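Working notes for the structure below.
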Amino acid sequence: MHLPRSTSPSAGSDQDRSGRSRRTRRTLVVLGLGTAMFTAGALGLAPGPGGSTPDGSARPSPARAEAGSVAALQEHVRRLPQDAPGWAALGMAYVQQARVTADPATYRRAEQALRVSLEREPKGNTDAETGMGALEAARHDFGASLAWARRAVSDAPYSSLAHGVLADAYTQLGRYEEAFAAVQRMSDLKPDAPALARASYTFELRGDTGQATALMERSLDASGTPAERAFARAHLSLLATESGRPGTGLRQADRGLRELPGDAALLEARGRAHQGLGHTARALDDYTAAVAVAPLPGRLLALGELRESLGDTRAARQQYAVLRAQDQVRRAGRRPADVDEILFAADHGRPADAVALGRQAVRARPFLAVHDAYGWALHRAGRDREALAEADLALALGTRSALFLYHRGMIHQALGEPAAARADLGSALRLDPRFHPLHAPRTRAALTRIDATP
Amino acid sequence: MKKSSARSKRLLDHSLLVLGATAMAGALGAVTLAPGVSSASSHREAPLIAGDPRADNTDVYAFTSPDKSDTVTLVANWIPFEEPNGGPNFYSFADDARYHIKIDNDGDGTADTTLTWRFRTTVRDAANQFLYNTGPVRSLDDPNLNVRQSYDLTATRNGRTTVLARNAPVAPSRTGVASMPDYATLRGQAVRPLQVAGGGKAFAGQADDSFFADLRVFDLLYGGNLSERGQDTLAGYNVNSVALQLPKKFLALRGDTARNPVIGVWSTTERNGVDVSDSRKARGWRQVSRLGNPLVNEVVVPLKYKDAFNTLNPSQDHTVKPVVDKVYDPILPKLIQKVYGIPAPATPRDDLAEIYLTGICKACGPIKADLNAQRLNKDAAVRRIVPAEELRLNMAVPPAAHPNRLGVLAGDLAGFPNGRRLTDDVLDISLQAVEGAAQSGTLVPALAEGDKVNANDVPFGRSFPYLALPHVKDVNTAGSRAVEQSSARTNASVAFGGAGALLLGAGGWRLRRRKRA
């Protein structure tokens with residue numbers, strides 16, 4: 001496909017452009033590698049020993065429905081190449097597909113289709129603007145995502161979807177009040193499954209698991225596609241597990257997997273529930289299967305750390321090696337690190353590197369989980385005063401996260417504040433006694449130490 | 001294909017240089033391989049494209065019952081492109097939505113009668129809840145029918161709500177010949193009497209999609225032409241329908257069909273709102289979908305305003321200037337002129353405003369007939385009448401002995417745009433109307449063939465609910481049509497947002513089914 005270049009929201013100078021084109025070339029190289037590696041990862045590898053396909057059934061691609069849509073839209077734009085909304089719909093379908101498959105080549109295809117749409121219809125092209133906003137969010141460029149989303153909502157104030165993209169960008173940029181207002185507007189326009197899922201998340205971020213669960217149940221009921229249902233089930237599962245109800249988490253994930261076998265997010269959620277129940281062998285199986293579908297950093301880290309906690313350091317090192325290789329790819333692409341990558345560097349690499357990653361990440365994306373990871377990196381590097389400020393920002397909305405609480409508790413302890421440390425560490429364990437295979441035991445040990453200290 | 005794999009290989013070679021062999025060796029030696037730049041771990045990517053087919057109004061019909069002419073039959077469809085035997089696909093109405101058919105008697109754009117369906121799903125054997133049926137189903141209360149729906153139907157007028165049917169059964173999705181050997185019997189058992197003076201009937205359940213058209217006609221709107229026509233895009237698919245047969249007296253203003261024979265009809269779907277400051281607070285029902293006239297977004301209201309249009313009550317239509325402007329100055333005839341040289345009728349299009357916004361009457365505009373404007377109701381106050389998009393039916397027009405698919409344009413006053421019958425060829429009628437045929441009184445010969453689809457793929461019934469039984473054959477095994485149809489379906493699930501300034505939207509099917517987002 002030959003694609004004309006199109007203007008981005010911020011047109012740069014000539015110098016910028018040549019810099020960008022160098023960067024583009026390098027990114028393409030890296031993307032190519034990512035694609036090749038991804039393909040090998042997805043196709044070439046069976047789930048690990050004893051890993052099995054879940055439920056022993058033949059595993060349909062979780063992305064099949066989306067893939068069908070993409071094929072049909074490709075046919076549509078082939079027949080009607082002048083149709084700007086058709087290209088925009090194809091681009092958005094790619095973005096949604098990538099959400100499930102995590103295949104970076106799909107993002108490139110999404111951008112190509114969206115750029116064609118904008119070329120065909122540069123002004124007031126809400127569909128393409130919304131699609132670009134979603135694409136930039138998927139690539140974690142939330143500043144660019146916000147710029148596109150704002151254009152989209154000003155062109156189409158009644159578009160529920162455009163308000164959804166706006167809400168996502170504000171959330172990740174740490175502008176929560178504006179995010180919640182956008183979610184309110186989105187669900188006032190159309191309280192459908194995507195809007196209800198976002199409404200649920202606003203309560204989850206504010207630590208109201210009950211309302212978050214109730215709204216995710218409503219999102220599930222309103223879901224019209226298997227992918228939407230799988231998303232809702234995965235998060236219902238995690239909401240339960242991470243508030244100390246892994247049995248419910250397991251049931252939710254199991255039900256989801258019965259409807260959409262092989263869905264990686266559901267496998268990961270079920271693995272997490274098994275971990276919470278102490279079923280480590282099953283947790284390993286599920287994590288392994290999820291990693292085989294899409295080896296996202298968070299999954300690799302969870303698998304590696306679970307193995308490490310079982311004393312299988314050799315196997316854990318394999319996961320960590322992959323994470324390090326991914327980090328090289330990330331750096332070559334000059335993409336800011338994600339939360340799991342910062343945590344990985346902090347706990348399994350050099351804390352100084354983690355601090356550098358965290359500083360860069362938090363500047364681009366001052367979201368609470370990034371504050372948490374940066375704070376943890378600072379703590380690991382011995383900079384506990386700065387670490388505490390970040391940990392406080394991570395918990396500023398009242399998010400009920402055992403991991404965040406553990407991080408802050410350990411920072412308090414390092415700062416010689418045992419009362420505050422005990423409060424946070426105790427809260428972490430009360431919330432979810434098995435929140436992490438390595439850190440939960442450390443939490444207990446730290447509490448014992450605090451209580452033993454006169 | 002070949003080319004792109006060669007390209008990947010070249011890129012991989014470059015990548016090896018960029019990364020250095022050590023890292024690659026480490027990566028390749030590992031159990032799993034990296035996804036490169038993808039990074040969906042900590043950022044919650046909730047779904048964006050809303051597939052909400054259960055809220056998706058596709059068509060509304062209103063006609064004098066041909067076999068019971070003191071009654072009107074109202075039909076509304078939801079859930080487009082139901083694939084038969086798609087198993088384990090069964091299609092249910094949403095328990096968490098409200099479904100409405102609304103009636104406006106006095107032309108103020110506000111419902112005088114609101115008919116509301118609320119559905120409930122029950123699962124007989126919860127342990128087996130993924131099985132729709134556990135054996136052959138021979139009646140609606142067959143224990144083998146595991147998942148079943150029922151509904152309450154109410155009528156609200158002047159703030160008073162009365163129950164027309166309580167706990168009525170929904171005809172199940174037709175899951176196959178073996179599992180439902182006599183579906184016609186099941187369908188018959190789902191036709192229930194209504195608690196209405198003078199009697200009435202209700203039906204809810206799966207049916208053949210009664211709409212027929214080759215939606216590729218609207219390729220015009222996307223820069224295409226009329227070169228591909230003649231295949232019913234909807235053939236073989238099912239929908240979920242509700243149907244009512246009601247006495248005309250029940251529907252007429254003041255119950256007086258002689259003085260007030262005209263009704264305006266549309267359907268809506270509502271979902272319950274949410275308050276992000278406290279989700280336990282009520283925020284009320286939100287209208288997410290609306291449909292009156294067929295093909296309204298294709299022919300007159302630009303898809304750009306589709307999202308707004310879906311939230312509006314007809315009484316508000318005239319307050320949204322761009323919507324009204326496009327009725328008077330539509331895009332479609334200009335595209336037809338550009339491609340085919342058929343001159344677009346002069347604007348403003350008062351004739352289209354009559355068809356879509358006021359109903360047809362001599363005092364209403366240029367069409368020389370007193371047909372179906374609420375202004376013809378003697379008890380309707382003229383000063384309160386506003387332009388509002390509704391499907392209007394004059395109940396005094398007797399049913400045609402031999403209905404013509406082109407309805408009013410062919411002199412058959414009992415058809416669209418005077419109400420809409422199942423057999424009306426609304427695509428051809430709409431094309432002709434947008435080219436000015438209603439005003440000129442003559443069909444535009446160059447478009448005489450229309451979409452070359454003149455009737456539904458299966459015949460309709462002769463008695464209530466008239467709808468054809470659901471299909472049982474998988475559509476997408478049918479060969480060459482599959483791509484087109486899946487294209488249409490795809491657009492159903494992926495279309496979103498306001499469309500572009502000139503082009504009305506992505507994907508033919510969207511044309512008629514206005515609001516997929």
What share of all Cα pairs of segment A:347-390, in percent, falls into each consecutive 10 Å distance bin?
36, 58, 6
Starting from the Cα of B:Ala363, step 7 Å along the direction of its Cβ; do the same at B:Asp474; then give the gap between the two resulting points in nm.
6.0
At a cut-off of 20 Å², which residues of segment A:85-116 become less accessible once all protein chains are present than in their chain alone, using a 1.4 Å probe?
A:Pro85, A:Ala89, A:Met92, A:Gln96, A:Arg99, A:Ala102, A:Pro104, A:Tyr107
Determine the distance separating the Cα centre of segment B:301-374 from the Cα centre of segment B:427-469; give it in Å without decimals.
19
Segment B:395-407 - phi-based ³J(HN,Hα) in whole Hz, Karplus 6.51/-1.76/1.60, Gly and Pro as x:
6, 7, 6, x, x, 7, 5, 10, x, 9, 5, 8, x
Given segment A:347-453 reduced to its alpha-carbon atoms as identical point scatterers, what log10 I(q)/I(0) does the Debye formula return at q = 0.14 Å⁻¹?
-0.49
For segment A:69-198, the accessible surface attributable to carbon and sulfur atoms (probe 1.4 angstrom, ligands and nucleic acids excluded) amounts in percent to 49
Estimate for me the total accessible surface buried between chains B and A (protein heavy atoms, probe 1.4 Å, no ligands or nucleic acids), in Å² to the nearest 100.
8200
Residues of segment B:218-247 that bury at least 20 Å² of accessible area, probe 1.4 Å, when all protein chains are present rather than the chain alone, are B:Asp219, B:Tyr222, B:Glu228
Using the heavy atoms of the protein chains alone and a 1.4 angstrom probe, what is the accessible area of segment A:109-209 per residue in square angstrom?
26
Could you tell me the center-to-center distance, by alpha carbons, between segment A:390-411 and segment B:198-269 in angstrom?
56
In terms of solvent-accessible area of protein heavy atoms at a 1.4 angstrom probe, what is the ranking of B:Asp351, B:Asp152, highest value first?
B:Asp152, B:Asp351
Can you tell me, using C-alpha contacts under 8 Å and at least 6 residues apart, the relative contact order of segment B:322-362 as a whole percent?
39
For segment B:246-343, what ratio Rg/Rh do Cα atoms give with a Kirkwood hydrodynamic radius?
1.12
Accessible area expressed per residue, segment A:347-453, with surrounding protein chains retained (probe 1.4 Å, Å²):
42
Among the lysines, which have Cα under 25 Å from the Cα of B:Lys326 when same-chain residues fewer than 8 positions away are ignored?
A:Lys123, A:Lys190, B:Lys102, B:Lys304, B:Lys306, B:Lys334, B:Lys338, B:Lys362, B:Lys368, B:Lys515
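Restricting the count to DSSP beta bridges whose residues both fall in segment B:91-229, what percent are antiparallel, rounded to a multiple of 5? If you can, show how the numbers build up before the last one.
Working: 25 of 26 bridges.
Given both bridge residues lie in segment B:91-229, the antiparallel proportion sits at roughly 95 percent.
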May I ask for the distance between the Cα centers of segment B:406-424 and segment A:231-274, given as a whole number of Å?
53
With the Cα gyration tensor of segment B:99-248 in hand, convert its eigenvalues to equivalent ellipsoid semi-axes via √(5λ) and list them largest first in whole Å.
30, 28, 13
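Taking the Cβ-Cβ separation of B:Asp141 and B:Asp278 as r and a Förster radius of 60 Å, what is the calculated FRET efficiency to the nearest 0.05?
Using R0 = 60 Å, I get an efficiency of 0.90.
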Rg over Rh of segment A:69-198, using C-alpha atoms and the Kirkwood radius, what does it come to?
0.97
Measuring with a 1.4 Å probe in the full set of protein chains, what accessible area per residue, in whole Å², belongs to segment B:185-313?
27
I'd like the Karplus ³J(HN,Hα) series for segment A:84-99: coefficients 6.51, -1.76, 1.60, θ = phi - 60°, whole numbers in Hz, and an x wherever there's a Gly or Pro.
4, x, x, 5, 5, 5, 5, x, 5, 4, 5, 4, 5, 5, 5, 4
Restricting to Cα pairs below 8 Å that are 6+ residues apart, what does the relative contact order work out to for segment A:69-198? Please round to a whole percent.
17
Accessible-area loss of at least 40 Å² in the complex relative to the chain alone (1.4 Å probe) applies, within segment A:155-185, to A:Tyr158, A:Leu161, A:Gln184
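The values are calculated or read from the model by the stated rules, or taken from the named source; none is laboratory data. Computed from a predicted model, the values in this text were never measured in an experiment. Glycine gets a Cβ as well: all are built from the backbone with ideal geometry, and neighbour counts include every protein chain shown. To get the accessible areas, we keep the full protein, side chains included, count just its heavy atoms, and leave off ligands, DNA and RNA. Shrake-Rupley method; radii C 1.70, N 1.55, O 1.52, S 1.80 Å.
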